[in-house]
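Below is one structure, written out as structure tokens, with a few remarks after it.
The values are calculated or read from the model by the stated rules, or taken from the named source; none is laboratory data. Given the structure is predicted, the values throughout are model-derived calculations rather than measurements. Quick reminder, even Gly has a Cβ in these numbers, built from the backbone with ideal geometry, and neighbours come from all protein chains shown.
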Protein chains: 2
Amino acid sequence: MTAGASWLPLSAGERSVAIEVLVHGPLSRTELARRLDLSPGSLTRLTKPLIESGLLIEVPEAGSPAEARQGRPSQPLDVVAESRSFLGFKITEDMVYGVVTTLRSDIVARHDRPLTTHDPDRVADLVAEMTAELTRLHPRLAGIGIGVGGLVRDRSVVGESPFLNWREVPLAALVEERTGLPVIVENDVAALVEAETWFGAGRGYDRFVVLTIGAGIGYGLVLGGKRVPYAEEDRGFGRHWIINPNGPLTPEGERGSAVSLLTIPNIRYQVRAATGRDHTYEEILALAAAGEPMPARVIDEAGRALGILVAQIANFVLPQKILLAGEGVGLIEVAGKVVDDTLRTHRHPLAAPVDLETKVSDFHDWARGAAVLAIQVLVLGSVEA
Amino acid sequence: MTAGASWLPLSAGERSVAIEVLVHGPLSRTELARRLDLSPGSLTRLTKPLIESGLLIEVPEAGSPAEARQGRPSQPLDVVAESRSFLGFKITEDMVYGVVTTLRSDIVARHDRPLTTHDPDRVADLVAEMTAELTRLHPRLAGIGIGVGGLVRDRSVVGESPFLNWREVPLAALVEERTGLPVIVENDVAALVEAETWFGAGRGYDRFVVLTIGAGIGYGLVLGGKRVPYAEEDRGFGRHWIINPNGPLTPEGERGSAVSLLTIPNIRYQVRAATGRDHTYEEILALAAAGEPMPARVIDEAGRALGILVAQIANFVLPQKILLAGEGVGLIEVAGKVVDDTLRTHRHPLAAPVDLETKVSDFHDWARGAAVLAIQVLVLGSVEA
DNA sequence: GCCATTTACTTTTGCGGCGGAAGAATCCAC
DNA sequence: GTGGATTCTTCCGCCGCAAAAGTAAATGGC
């Protein structure tokens, strides 16, 4: 509550130390000196104000106490993860999912509420109410992040969100005036990508790609530790990635596009069209695993499409890691072999194997992503990515 | 001749000034201060030793003298392009192409010689002879760059070059001991990419892609101003980029791969297989333009493949610019419309249009690319990319 | 048990490089 | 010619770093 909008004016050196400790766990001064290429003296100088301000703390000793080396033991520094709380919200068509996280972006509480109206003021009211409820249990709130599917500008205004039927809604301002807290609004995929870049699968990588599969396809490219923004972000993304020109035609997607082959609604549509019966995504995966012909065919084709997609990304972007996330990556568990085989035939035999991580994410993970944006703003002291 | 292996020990600030002027033409101190985000005072300090050492020079006035603004006129600084010469060689199966360039990488002389043997020592002899001949007319030689198709390690050793039948040939050392000059050896595509990044189409961009079409397919990715190296570089690249699984099968390529659809040998093969007659690449392009059915069909399919390839690169890498280079980009002049149309259907309508530049390159352009490596080493003072 | 050794951190000192402010240079406008 | 505009230079002060020396806290050998 006492917190300002951001940490005390941090110098560039102090900020780099703070981020390194925040992202890469407890680190001794010597280790920090090595990583940041600074002298030991500089580390004493830089860490002192950070410790005095209560941001960092000296923790007993890392990991195995048995692992005792000669010489004076190192003194790991860590962020005081509980010193601040952050709120993250993910707004879907009919629900608002909320989480409280620590400075480390660990989720300490969840709280969801149905969304009964899309009126911007009512949505802001609901978010403010949820904030008040969550604040009661988790004080020291430093900021709020909100993830929305659709186009978001300046990290504050929802330029266009088809499923909410919003255009030019200044959501950050609406929530700020109700809560008095700094609010960051961002596209949900972008938020998830930032979260994974700072605290997840993308930590420490220079070239990193996130591909999400769910109601739609999401793509995030991180180069040099920064996410690359692009114009068509989350506005029917992947509908023009034609993977198989002879693939199935689906209502919204082009024929054989990534959207028509991989997204949950379109996989359900294909199975419904073929069998005449409606199934959930999970049911379809189970049926395919059990060898049911039509679902197996659809899932098999989806697996091939995913393999091709990952191969293309790996071939052209040369990322050090690719993260598959979203609600639809359960596909991997059923069609993993097809994905792998397809991937291999579309890669050069001498090419480095693709470092592919899969992470089924639920809506709270998306909300956590939004909370990370609030963390970034606090640490970096600005709204810029 | 007096030159050491690199410029006087340049401080980081001085080096950034030198590179900025070298790459972006004559610039005034004020302009440099703006670009490098430095104070005017710093620019006086940084430029003084560079001018005194003869590296930079104050040039009269840029461009239009009529364009006179108020106030003290700016004093553009430029590199003394002729102060040093650089040699670039491109080694092909049966020829060695050589160029002399200025510090700005402008070609001031060309000199080619047939290659009658692939024995490494004889090749080094030939390069040394050509160096001697070229040095007679162009003294002040500061370094030599050599481009070779194949795998090159440490910018000095040819690890594997199928067409020369070389393995682990320390070409840089062989030429260095014959000429006494610093020698850089690099994969030819990599050299071309570096050249375009510093002095060509990629100048000033953060994300930049080079795609070459010729005897094979070459791919270069530049991120943050630096080329990204990768394992499968120039060892049958593009054979596993399957663009059309129903495409033609060709001797070396997989079915429907970028290699089988786009490279000059494979286009000639397809036409020969279809018509029974052998044509040069240029003849095939002319026949296709004239409406001859079989060549037109092959070229049309190549155009579609190129459009898809460029779209995939644009979709996944989000480059600010893509350069098409190589001997085979004449394709664009005949199949430009097909390429454009295909590109458009594989791109999101809201996506920024692809900035696509085409540049037919001959072997001297490849040699120039190699010379740029020698320039980089002189300026940066190291072998590192 | 004591001291050498090792490793981690702190303190002190000095200096390079930068920004900021003031001044000099050189043009245009009237 | 005077004033304003713009570029560049000079000078000063300071921030931030490295280097080096000193302190702290552990282990290991005897």
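Some points to look at:
- B:LEU221 among the aliphatic types (A, V, I, L, M) and either within 10 Å of chain A (Cβ to nearest Cβ) or touching a His at 6+ places or on another chain (Cβ under 9 Å) (or both): yes
- Single condition B:ILE51 does not satisfy, out of (1) farther than 26 Å from B:THR179 by Cα; (2) surrounded by fewer than 16 Cβ atoms within 10 Å (Cβ to Cβ); (3) in contact with a helix residue (DSSP H, G or I) (Cβ under 9 Å, 6 or more places away or on another chain); (4) without any contact (Cβ under 8 Å) to a residue 40 or more places away in the chain: (3)
- Answer residue from segment B:317-336, given it is closer than 20 Å to A:TRP241 by Cα and not aliphatic (A, V, I, L, M) and is farthest from the other protein chains (Cβ to nearest Cβ) among those: B:LYS321
- On inspection, B:MET130 does not qualify as surrounded by fewer than 18 Cβ atoms within 10 Å (Cβ to Cβ), away from DNA strand D (no atom under 16 Å from the Cβ) and farther than 18 Å from B:GLU194 by Cβ.
- Any hit, segment A:60-71, residues being touching a strand residue (DSSP E or B) at 6+ places or on another chain (Cβ under 8 Å), within 15 Å of DNA strand D (Cβ to nearest atom), more than 30 Å from A:LEU126 (Cα to Cα) and modelled with pLDDT under 95: no
- Residue in segment B:340-348 that is more than 14 Å from chain A (Cβ to nearest Cβ), at pLDDT below 95 and buried (at least 19 other Cβ atoms within 10 Å of the Cβ) present: no
- Lone qualifier among B:ARG239, B:ARG277 - being modelled with pLDDT under 95, touching a strand residue (DSSP E or B) at 6+ places or on another chain (Cβ under 9 Å) and either surrounded by fewer than 22 Cβ atoms within 10 Å (Cβ to Cβ) or in the same structural domain as B:GLY147 (by TED's automatic domain parsing) (or both): B:ARG239
- Search result, residues across segment A:282-299 that are small (Gly, Ala, Ser), exposed (fewer than 15 other Cβ atoms within 10 Å of the Cβ) and within 19 Å of A:VAL360 (Cβ to Cβ): A:ALA289
- B:THR179 within 18 Å of B:HIS364 (Cβ to Cβ) and not charged (D, E, K, R): no
- Filter result for A:LEU261 (more than 24 Å from B:GLY225 (Cβ to Cβ), within 14 Å of chain B (Cβ to nearest Cβ) and not small (Gly, Ala, Ser)): no
- Sole residue being within 16 Å of DNA strand C (Cβ to nearest atom) and charged (D, E, K, R), chosen from B:GLU93, B:GLU61, B:GLU82: B:GLU61
- Counting the residues of segment A:315-327 that are at pLDDT 95 or above and small (Gly, Ala, Ser) gives 1.
- Which numbered condition A:GLU232 misses (of (1) within 19 Å of A:VAL148 (Cβ to Cβ); (2) acidic (Asp, Glu); (3) touching a residue at least 12 places away in the same chain (Cβ under 8 Å); (4) within 14 Å of chain B (Cβ to nearest Cβ)): (3)
- Taking the criterion of being out of contact with any Phe, Trp or Tyr (no Cβ under 9 Å at 6 or more places or on another chain) and either modelled with pLDDT of 95 or more or away from DNA strand C (no atom under 12 Å from the Cβ) (or both), the residues of segment A:22-31 that qualify are A:HIS24, A:GLY25.
- Single unsatisfied condition, B:GLU333 versus (1) outside the structural domain of B:GLY145 (by TED's automatic domain parsing); (2) modelled with pLDDT of 95 or more: (2)
- Residues (over 18 Å from B:VAL377 (Cα atoms) and among the small types (Gly, Ala, Ser)) located in segment B:163-208: B:ALA201, B:GLY202, B:GLY204
- Enumeration of residues in segment B:24-49 that are within 6 Å of DNA strand D (Cβ to nearest atom) and either within 14 Å of another protein chain (Cβ to nearest Cβ) or closer than 12 Å to B:SER74 by Cα (or both): B:SER28, B:ARG29, B:THR30
- Taken over segment B:271-316, the residue count meeting the criterion of being of a type in the set (Val, Ile, Thr) and within 14 Å of another protein chain (Cβ to nearest Cβ) is 3.
- When residues of segment A:197-210 are limited to those that are within 20 Å of A:VAL152 (Cβ to Cβ) and touching a strand residue (DSSP E or B) at 6+ places or on another chain (Cβ under 6 Å), the one nearest to the other protein chains (Cβ to nearest Cβ): A:VAL210
- Positions within segment A:237-290 being touching a residue at least 24 places away in the same chain (Cβ under 8 Å) and among the β-branched types (Val, Ile, Thr), in sequence order: A:ILE243, A:VAL259, A:THR263, A:ILE264, A:ILE267, A:VAL271
- The criterion of at least 1 residues that are of a type in the set (D, E, K, R) is met, among strands (runs of 3 or more DSSP E) falling completely within segment B:124-201, by B:151-153, B:157-161, B:166-169, B:183-187.
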